[in-house]
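Quick note: the coordinates plus some simple rules give every number you see, no bench work behind them. Note that this is a predicted model, so its numbers are computed, not measured. Because the Cβ atoms are built from the backbone with ideal geometry, glycine has one as well, and the counts that use them run over all protein chains shown.
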Amino acid sequence: MKDYVEKLFSHIKEKNELPTYVRLDGGGENTAVRKFCYDEGIKVALTPPYTPQYNGRIERRFAVITSMAMLLLCNAGFTSIMKKKLLPEELTTASFLNDLAPTERSKLSAQELWDGKKSKWTGNHLIEFGRVGLVKTKPKITGKLDDKAEAMIMVGYRTKYSVGTYQVFYPKTKRFVFQTVSKYILPWKAFIFELGILIVMALTIMTKKE
């Protein structure tokens, strides 16, 4: 948290837009923010407990991001177990997508207002959450009939890497990896892929019982 706060205020300093005061609640997670504000001579206004209305804009933002995340998870058709596993990734994705949209105060996106330049994540680089894609997992030299890619599920964007790098979920290992996706499967093919996974899991359980 401390490193994040330092980077945040360093960015604000570069833009010569250091705030005169910051409004926070008294939560322990804001300790690093309060200390940095005191060191920089920024006034801190603490809100009373259980009064989210004093920070109305940011509280509404939390609700919007959470609703977006739940909507994307439901639209992808994941099971309740997978929804719980993917929720942290999807909250990050929802926040990222929300920052690419215009704001009430400007036709420019929040990301563009903050960075001063347009995001490179546009058009074909924005992929539907939950879409199944083919990710190359084999070296260049392989047999003609060998599989050269594995089916993985897109669950987020890796913005610190080059455009086109995504956070994907690998069903075989049940782990998250970040990769470039060579090709995305059409929705009806993705349904067949998910159906195949369920059949394999069912057969595995039946084999163990026997």
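What the table below lists for this structure:
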{"quantity": "All positions within region 14-27 that are among the charged types (D, E, K, R) and exposed (fewer than 11 other Cβ atoms within 10 Å of the Cβ)", "calculated": "Glu14, Lys15, Glu17"}
{"quantity": "Residue in region 28-39 that is nearest to Asp115 (Cα to Cα), counting only those that are surrounded by 11 or more Cβ atoms within 10 Å (Cβ to Cβ) and out of contact with any strand residue (DSSP E or B) (no Cβ under 9 Å at 6 or more places or on another chain)", "calculated": "Phe36"}
{"quantity": "Residues of region 46-75 that turn out to be loosely packed, with under 11 Cβ neighbours inside 10 Å and over 24 Å from the mean Cα position of the chain (by Cα), as a count", "calculated": "5"}
